[in-house]
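One structure is given below, encoded as structure tokens.
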Protein chains: 2
Amino acid sequence: MKLFTLGPVEMYPDTLKLAGRPLPYFRTDAFSEVVLESSDLLRRFATAPAGSEVLLLTASGTAAMEAAVVNCFDENDKLLVIDGGTFGHRFAEICAYHHIPFESVVLPFGTALTADMLLPYDDAGFTGLLVNIHETSTGQLYDMDAIADFCKRNDLYLVADAIGSFLADETDMIRHGIDVLIVSSQKGLALAPGLSIVVLSERIFERKVRAIRANCMYFDFNDYAVNAKRGQTPFTPAVGVVIAMRERLAAIDEIGVDVCIRNTARMATAFRERLCRPPIKIPSYKLSNAVTPLIFEAGNAKEMYRALIERHGIYLNPNGGQLADKVLRVGHLGNLTLQDHMELADILRDVCGHD
Amino acid sequence: MKLFTLGPVEMYPDTLKLAGRPLPYFRTDAFSEVVLESSDLLRRFATAPAGSEVLLLTASGTAAMEAAVVNCFDENDKLLVIDGGTFGHRFAEICAYHHIPFESVVLPFGTALTADMLLPYDDAGFTGLLVNIHETSTGQLYDMDAIADFCKRNDLYLVADAIGSFLADETDMIRHGIDVLIVSSQKGLALAPGLSIVVLSERIFERKVRAIRANCMYFDFNDYAVNAKRGQTPFTPAVGVVIAMRERLAAIDEIGVDVCIRNTARMATAFRERLCRPPIKIPSYKLSNAVTPLIFEAGNAKEMYRALIERHGIYLNPNGGQLADKVLRVGHLGNLTLQDHMELADILRDVCGHD
């Protein structure tokens, strides 16, 4: 069995070895140290500005997205949501759920976001922008320079969901003026699901988080920030995932985060080059290094998904909703090699009957 | 190192073996089956009434407590909270946070809840009662017959946090008319933290959950219930913990849940009998089989906690807040034997210098 899915992904042997060890009690100095060390590495990998808070939530990525919105904004804000797929749309749903005023830039499947599309929203009273750096449902990697430029000239807070891009595409909170960065354990970090990370700039923490009362007590960032100072969380954390994360971050640090990203990029590029011929199409917009969406114009994506599992033990990531019949996604995250990708490309060409 | 803590607890070899295995992708029939089988076992172990919903939340126990409150009640309700320690007080905080009217029955440390204490709240317009079957911060096991009787004669919904009692003390949703039962992975189930379980009676689901819009989207029970029908969750679950839970539930089922509870009771009783002499006191109220609180009248609980770790590699569970200097708790959950408990009792008597 081999996972080219987008979480869980193929995990590294050291992660699995750690996962098989008994868990320690966590209200200890030793565990606090694990949290503090990990937070420092996360800050560095995200190029977080000085004074950033790193908060660990025991919850899925969606919870971190919701927590970010309800801790940073309220009914006095007006948010612009880049809605280019399932996860952008989820930001819109979160705003609607909490009665936070918002407008959406809706991108039909196949459409690239351009700087021009943001022009109509200049000087229109927006206070924040919500974007998935990589819209994981379509693979689109947004032009963060254009988004950062829009936010800067309009003085907006920028919330960037990096769940599908962290450690696969460059993440630079300083360069892009990102105020909230959202990460989840089961993608680029290649850990078990159940832990999410929120990095907050000092600016948004001091000006917004401190002043806003979040709608959910379990997600009250002020409470998490107080505890984070001493390497703890207000409630029982996903202890095992936190411990495995420290090991993984240290391993990445040894290789260098840039090298990790380059390796993923190399695998993604080589895979796309080897694969790409009819009847499998890939989108023309800029893709994240984390994923290659395969477009099955014949609408047989589900059949392909099942055939790959049954014949080869290979799991690609299916799509939901409108793209369920048309798109499968190949993830390039986790413990996968270039060789794995070359083999997959050959299998795909074979399964699609065109070699 | 040995954990007599209350989560994480000592895990079983089979749980650790599973934890060390690669995780599968979860949007599959195979994973749905794991969820559906586990849900059936959980229903049975909780003596849940027919038609009960079993929802799996990727979050800590506090999140499940908050989710239960915000999905079942709103500002038109009036709740009675049994506030006999940290976790009862947490229910009160959750009600206050969400502006849900409530009153508390506050029990100072050492006070047992009696049926008489509930009499002043008869016919007083309450619509629900929130209780921790076992108030884990003090070890008190509440008289659920008295509470059930109060709820029945006043026609209240009963929310019972069984986080500290499930699989250690009898759990009977039917007998006690429990509408919401809350369980967490890292206590009696002896799994990694990060997964919580909510069992809902059909009555509360149809009459309350369907009608109420929860304050948090991530915790919307209606969404979870729709997904649970097909053995799935709306968002990425803690896949590894779910898989380990199925193994653990099956292992418990083989022994028999009654036998499991009796074994825990036997260890707790033997430990208390062997231990109990000055200067270590234990409370006089009825205790859960899950825990024995040790009262250090001299206020040296923290010293004892450190001494046990440094000299013996043994972790007891410290208390927070007002009881931090006075109380340590010995957990009887997870992979511990009678022999472990006898040794701990001897060590405690030795460390306390009274043998």
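The values are calculated or read from the model by the stated rules, or taken from the named source; none is laboratory data. All values derive from a computational prediction rather than experimental measurement. Ideal geometry is used to build each Cβ from the backbone, glycine not excepted, and the neighbour counts take in all protein chains shown. Side chains are part of the model used for accessible areas, which takes the heavy atoms of the whole protein and leaves out ligands, DNA and RNA. Shrake-Rupley method; radii C 1.70, N 1.55, O 1.52, S 1.80 Å.
Values as computed for the structure displayed
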{"item": "Which numbered condition residue B:79 fails, given (1) within 11 Å of another protein chain (Cβ to nearest Cβ); (2) in contact (Cβ under 8 Å) with a residue 12 or more places away in the chain; (3) in contact with a Gly (Cβ under 7 Å, 6 or more places away or on another chain)", "result": "(1)"}
{"item": "Residue B:62 of a type in the set (Ser, Thr, Tyr) and outside any helix (DSSP H, G or I)", "result": "no"}
{"item": "Conditions (1) surrounded by fewer than 21 Cβ atoms within 10 Å (Cβ to Cβ); (2) farther than 26 Å from residue A:224 by Cα: number failed by residue B:99", "result": "(2)"}
{"item": "Subset of segment A:143-177 (residues that are buried (at least 24 other Cβ atoms within 10 Å of the Cβ), over 21 Å from residue A:335 (Cβ atoms) and touching a residue at least 40 places away in the same chain (Cβ under 8 Å))", "result": "A:147, A:159, A:161"}
{"item": "Residue satisfying all of: in segment B:34-59; in contact with a Pro (Cβ under 9 Å, 6 or more places away or on another chain) and assigned to a strand (DSSP E or B); nearest to the other protein chains (Cβ to nearest Cβ) among these", "result": "B:58"}
{"item": "Segment B:18-33, subset assigned to a helix (DSSP H, G or I) and within 23 Å of residue A:240 (Cβ to Cβ), residue nearest to the other protein chains (Cβ to nearest Cβ)", "result": "B:19"}
{"item": "Scan of segment B:112-124 for residues that are assigned to a helix (DSSP H, G or I) and surrounded by fewer than 14 Cβ atoms within 10 Å (Cβ to Cβ), ordered by number", "result": "B:115, B:116, B:119, B:120"}
{"item": "Selection status of residue B:264, open to solvent by less than 60 Å² (accessible area, probe 1.4 Å) and either part of a strand (DSSP E or B) or closer than 19 Å to residue B:54 by Cβ (or both)", "result": "no"}
{"item": "Residues located in segment B:99-111, provided they are assigned to a loop (DSSP other than H, G, I, E, B) and either basic (Lys, Arg) or touching an Asp or Glu at 6+ places or on another chain (Cβ under 8 Å) (or both)", "result": "B:99, B:100, B:101, B:107"}
{"item": "Test: residue in segment B:186-201 that is without any contact (Cβ under 8 Å) to a residue 60 or more places away in the chain and away from chain A (no Cβ under 14 Å)", "result": "no"}
{"item": "Selection within segment B:1-56 - among the polar types (S, T, N, Q) and touching a Phe, Trp or Tyr at 6+ places or on another chain (Cβ under 9 Å)", "result": "B:5, B:28, B:32, B:52"}
{"item": "Failed item in (1) closer than 26 Å to residue B:267 by Cβ; (2) of a type in the set (Lys, Arg); (3) touching a residue at least 24 places away in the same chain (Cβ under 8 Å), with residue B:17 passing the rest", "result": "(3)"}
{"item": "Single residue of segment A:214-244 satisfying the filter (of a type in the set (A, V, I, L, M) and more than 13 Å from chain B (Cβ to nearest Cβ)) that is least open to solvent (accessible area, probe 1.4 Å)", "result": "A:225"}
{"item": "Index of the failed condition, residue A:70 passing every other in (1) under 29 Å from residue A:135 (Cβ atoms); (2) out of contact with any strand residue (DSSP E or B) (no Cβ under 9 Å at 6 or more places or on another chain); (3) open to solvent by 20 Å² or more (accessible area, probe 1.4 Å)", "result": "(3)"}
{"item": "Answer residue from segment A:194-211, given it is open to solvent by 10 Å² or more (accessible area, probe 1.4 Å) and part of a loop (DSSP other than H, G, I, E, B) and is farthest from residue A:20 (Cα to Cα) among those", "result": "A:211"}
